[in-house]
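Below is one structure, written out as structure tokens; comments come after it.
The values are calculated or read from the model by the stated rules, or taken from the named source; none is laboratory data. If you're wondering where the values come from, they're calculated on a predicted model, not measured in any experiment. Note that we place each Cβ from the backbone using ideal geometry, even for glycine, and neighbour counts take in every protein chain shown. With ligands, DNA and RNA removed, areas are computed over all heavy atoms of the protein, side chains included. Shrake-Rupley method; radii C 1.70, N 1.55, O 1.52, S 1.80 Å.
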Amino acid sequence: MTSSDIPEGSQALDSHTVVGQTLASSAATRPPLVTQLHDWVTTVDHKRVGLLYLMMSLMFMVFGGIEALIIRVQLWTANNTLVEAETFNQLFTMHGTTMIFFVVMPMIAGFANFLVPLMIGARDVAFPRLNALGFWLSLMGGCTLYLSYFTGKGLLGGGSAPDVGWFAYAPLTSPAYSVGSSTDYWIVGTAISGIGTIAFAVNTIATIVTMRAPGMLISKVPLFVWMMLITSFMILLAFPPLTAAQVMLLMDRHMGAHFFDTQAGGSALLWQHLFWFFGHPEVYILALPAFGIISEIVPVFSRKVIFGYASVAMSSAAIGVIGSSVWAHHMFTVGMSDSLDAFFSATSFLIAVPTGIKVLNWTATLYGGQLRLRTPMLFALGFLGMFLMGGLTGIMLAAVPVDWQISDSYFLVGHFHYVLFGGSLFALMGGVYYWFPKATGRMLDDRLGKLNFWLQFIGFNLLFGPMHISGILGMPRRVYTYQPGQGWEIWNQISTVGGFIMGLAFLTLFWNLAKSLRSGKPAGDDPWDAWTLEWMTSSPPAAYNFEEIPTVRSRRPLWDLKHPEDPDWKHE
Amino acid sequence: MSSGATGVAEVAKTLDGIDCRNETGWTAAKVGMAAFLFSEAVFFTTLLIGYITFLGAEMSGPTPGQSLNLEIAIINSVFLIPSSFTMMLAVRAFGRGKLGGFTFWMFATIALGIGFLGGTAYEWRELIWVDGLTISRNVFGTTYFTLIGFHATHVTVGMLLMAMLVWRARRGQMSAKSEAPELLSWYWHLVDTVWLAIVLVVYVLGH
């Protein structure tokens, strides 16, 4: 194998190479600050686009986190008057929209961008400029949403954030009930970022299908890559209906159309179907990449091969298929027919099977392994427990009679935070600790990392655990306050304390990131003694990723390289 | 790989000579275009489902039966369906390096597209000014104009892209190996397929 196939346009990447190496070399070679910033803005390098996505995600995480904390303080005690009802509606709308569309989605896109080409031994993604466009659309979508704080009431009316909830049910969004333009900011902001997400998915699929290193069959790609492939297909299936629904809503609001206008023969229920046809696959779009991260971290920190590679990949494909036919379990309470209820209940139970298979895979990988309890592994183990909890309460909610009782209560809020926060975000945080050394060339501080994990783990369970109880006691979600004497205060107060402990956890994370970026231990190429291709190249990788495109013979190419006497391909 | 022990030839041998990097044999551009067109198909499917959902739900006229004209749909189809064949001929001419043939068949496709848009414009004029059907008149108007409008927009975008390709090809800015004509033809065939679905749903079944 020679390096004769350096990609076209490598000259154009030279200036980036210099920047990428400054951490390793002396600061004297660093170009002026404005040049560096300019390079970031104009970059099409997949690693930098990935890091931009991650920085965007952290920025919006601060916004969404502050909104959540204000919600928690408002609910500290009965009849609290910190914020008014209207403000409270805006807070939970912005919190949900921000966390789904502008925190977890860009974080996933960031990881995928940074890692997929490195893991498959490619020099960049298939469409680097489309990739950059996808990022800028996502960022602009987020900025559009937050612009509503300044201009949501129209040019002269001052600010007003959207207050229709993150799923923006009709008829709350109709011109009669949503005066001003705040709902339009919601529609346009999420639609723009949705188009960016479709661009991201197109690019990811083309990259994985056509750009793998010699020998890397689709049956040998790292599981994270498998998960991103399935996730990208789900994006292509789930986002266009959302875009179409948003177009319909804009037409309703501005052109007098009647899609969701029940009084004129339209259907408010159609919005729910279209939104959840996006919204439920979206849950798996947010969860599958997390499964991928766990499937990378758990084997490396157990010093074992993943148990059942094929069943992890195939059960995820099954999730992709079944996950596209469960959406109406969000709508049991709207009064669909019994047969529809039964169908969507059955598919929702069914999806627990492929999900359970994966939990079994990870647990079996842990079993008998030499566990190294470093920070990434702690987050992975935290994920396993928390995600399992979220899955179990999910099975409860899939039973229609149970759902009728506790839907739209705090039980539901607890459930989906265990899935999306305890599941997705714990895994993504583990990913930050795992791949930060590769991206920056420096280790994150392990002691601060462990502090971060324990604060987050304890804070998380204090925050969301009691919600199951307050929900069963009858507390509805989205109420801005409540009457005393219903036994809800204590659970809300535990939640609020947990919320602030989580706030501390994130401060620890930000402190750790800032500190380690300046003075973290040098990482070297392969600090975890891992087995996938991204650890074969330098940290941070050069703009062209690999001096020589590696040749792959097994699922653990780096193991083969380190152990020529007992390579994996003899056993696979 | 620093070991150097595993060359491409050896790997190819162990994998029975399969080019294992890309099981599809498609280029990145083709895979990307296919993925994008899949998302387009899902988008139009959603609009079609919206149309079907509201069939017969209008609370006042005009209804599809009162206002839609199957003849216009047939005339429009006579423009749009052959345009897929002229498109195919354009791609074939490009592949054989015949710039003249490419230009001719591309313009033929554009001309057919203009004919289609003319038919749609005539239909809309009748609907709006004769039948009084607008997007806000009833749910039929709402779903009809949204669906047909998005389709016609896609036809227009396709024609602009064709004109751009011809312009670039004649200025010598396109490599003979460029996949752009073929990829655009995929897009055009999808737009054509969506039209067939619209004829079936809107003009035949829903009539």
(message) Compute the angle between helix B:28-53 and the longest alpha-carbon principal axis of chain B, please, reported from 0 to 90 degrees and rounded to the nearest 10.
(response) 20
(request) Would you mind calculating the relative contact order of segment A:462-546 from Cα pairs under 8 angstrom and at least 6 residues apart, reporting the percent as a whole number? (result) 26
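Within the accessible area of chain A, what % is carbon and sulfur when the probe is 1.4 Å and the other protein chains stay in place? Don't jump to the answer; show the numbers that get you there.
On the way: 14450 of 20930 Å².
Within chain A, the accessible surface is 69 percent carbon and sulfur.
When 1/r is averaged over all different Cα pairs and the result inverted, which Kirkwood radius in Å belongs to the protein assembly as shown?
Details: mean 1/r = 0.0356 Å⁻¹.
Hydrodynamic radius (Kirkwood, Cα pairs) of the protein assembly as shown is 28.1 Å.
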(message) Between segment A:489-508 and segment B:150-168, how far is it from one alpha carbon centroid to the other, in angstrom?
(response) 55
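Can you give the net charge of the other residues whose Cβ lies under 11 Å from the Cβ of residue A:333, counting K and R as +1 and D and E as -1?
Working: positive: none; negative: A:341, A:403, A:408.
Charge balance near residue A:333 sits at -3.
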(request) Would you tell me the accessible area of residue A:173, worked out with a 1.4 angstrom probe on the heavy atoms of the protein chains, in Å² to the nearest 10? (result) 0
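At a 10 angstrom cut-off on C-beta neighbours, averaged per residue, how do the peptides B:24-30, B:103-109 rank from highest to lowest? Show your work: numbers first, answer last.
On the way: B:24-30: 15.0, B:103-109: 20.1.
Packing proxy ranking, top to bottom: B:103-109, B:24-30.
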(request) Enter the buried accessible area of the B/A pair, total of both sides, probe 1.4 Å, in Å² rounded to the nearest 100. (result) 3500
(request) Work out Dmax and Rg for segment B:27-205 from the C-alpha atoms and quote the Rg first, both in angstrom. (result) 17.9, 57
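Keeping all protein chains in place, calculate the accessible area per residue for the protein assembly as shown (probe 1.4 angstrom), answer in Å². Intermediate values should be presented prior to the final figure.
Numbers: 30720 Å² over 779 residues.
That works out to 39 Å² for each residue.
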(message) Taking each residue in B:132-139, count the Cβ atoms of any other chain within 10 Å of its Cβ, then average. What number comes out?
(response) 4
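What FRET efficiency comes out for residue B:69 versus residue B:114 if R0 is 22 angstrom and r is the Cβ-Cβ distance? Round to the nearest 0.05.
Details: r = 20 Å, r/R0 = 0.91.
Efficiency at R0 = 22 Å is approximately 0.65.
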(message) At 7 Å along Cα-to-Cβ for each site, give me the label-to-label distance between residue A:396 and residue B:41 in nm.
(response) 4.2
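List the relative contact order of segment A:366-516 as a percent without decimals, with contacts defined as Cα pairs under 8 Å and 6+ residues apart.
Details: 180 pairs, mean separation 44.9, N = 151.
Computed over segment A:366-516, the figure is 30 percent.
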(message) For segment A:407-478 and segment A:513-557, what is the centre-to-centre distance using only Cα atoms, to the nearest Å?
(response) 28
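Which of the helices in chain A, when you take each full DSSP H run, stretch at least 27 Å along the axis at their Cα atoms and have an average Kyte-Doolittle score of 0.0 or higher?
A:46-74, A:128-151, A:182-210, A:223-254, A:268-302, A:375-398, A:446-472, A:489-519
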(message) Between residue A:303 and residue A:59, how high is the FRET efficiency from 1/(1 + (r/R0)^6) when r is the Cβ-Cβ distance and R₀ = 51 Å? Nearest 0.05.
(response) 0.90
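Restrict the search to segment A:337-374; then list the chymotrypsin sites (Phe, Trp or Tyr not before Pro) that DSSP places in a loop and that have at most 11 other Cβ atoms within 10 Å of their Cβ. The partial results should precede the final answer.
Numbers: sites: A:343, A:344, A:349, A:362, A:367; in loops: A:367.
For chymotrypsin sites (Phe, Trp or Tyr not before Pro) across segment A:337-374 that sit outside H, G, I, E and B with at most 11 neighbouring Cβ atoms in 10 Å, the list reads A:367.
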(request) On a 0 to 90° scale, report how tilted helix B:180-198 is relative to the longest principal axis of chain B, with both axes built from alpha carbons and the result rounded to the nearest 10. (result) 30
(request) Compute the FRET efficiency between residue B:170 and residue A:364 as 1/(1 + (r/R0)^6), taking r as their Cβ-Cβ distance and R0 = 56 Å, and round to the nearest 0.05. (result) 0.35
(request) May I ask you to find the residues of segment A:535-572 that are shielded by at least 20 Å² of accessible area once the whole protein assembly is considered instead of their isolated chain (probe 1.4 Å)? (result) A:536, A:548, A:551, A:553, A:561
(request) From other protein chains only, count the Cβ atoms within 10 Å of every residue's Cβ in A:231-238, then give the mean. (result) 2
(message) Going Cα to Cα from residue A:562, which lysines come in below 24 Å? Please leave out same-chain ones fewer than 8 positions away.
(response) A:220, A:304, A:438, A:521, A:570, B:13
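Other chains' Cβ within 10 Å of A:216-224 residues: what's the mean?
Shielding by partners across A:216-224 averages 2.
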(request) Quote the relative contact order of chain B in percent (integer), defining contacts as alpha-carbon pairs under 8 Å separated by 6+ residues. (result) 30
(message) Which order do the peptides B:110-122, B:171-183, A:280-292 come out in when sorted by mean C-beta neighbours inside 10 angstrom, highest first?
(response) A:280-292, B:110-122, B:171-183
(message) Under 16 Å from a point placed 7 Å out from the Cα of residue A:176 along the Cα-to-Cβ direction: which residues of segment A:261-275 have their backbone N that close?
(response) A:261-269
(request) Give me the number: length gained by fully extending residue A:519 to residue A:504, i.e. 0.36 nm times residue separation minus the C-alpha to C-alpha distance, one decimal in nm. (result) 3.2 nm
(message) So for each of B:57-70, A:321-334 I average, over its residues, the number of other beta carbons within 10 Å; can you give me the resulting order with the highest mean first?
(response) A:321-334, B:57-70
(message) Can you report the principal axis dimensions of segment A:313-448 using only the alpha carbons, biggest first, rounded to whole angstrom?
(response) 57, 31, 26
(request) At 0.36 nm per residue, minus the direct Cα-Cα distance, what do residue B:163 and residue B:207 gain on full extension? Give it in nm, one decimal, please. (result) 12.3 nm
(message) Leaving ligands and nucleic acids out of the surface, order A:372, A:30 by accessible area at 1.4 Å, largest first.
(response) A:30, A:372
(message) Under a crude label model (7 Å from the Cα following the beta-carbon direction), how far is residue A:562 from residue A:217 in nanometres?
(response) 2.5
(request) For segment B:121-207, with all protein chains present and a 1.4 Å probe, just round the carbon and sulfur fraction of the accessible area to a whole percent. (result) 65
(request) Place a label point 7 angstrom from the Cα of residue A:310 along the Cα-to-Cβ direction, then list the residues of segment A:346-385 whose backbone nitrogen is under 20 Å away. (result) A:354-365
(message) Under the 0.36 nm per residue contour assumption, what length would be gained going from the current alpha-carbon distance of residue A:140 and residue A:472 to full extension?
(response) 115.5 nm
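Taking the Cα centre as origin and putting +1 on Lys and Arg beta-carbons and -1 on Asp and Glu beta-carbons, what dipole magnitude results for the protein assembly as shown, to the nearest 20 debye?
Charge dipole, the protein assembly as shown, about its Cα centre: 1440 debye, nearest 20.
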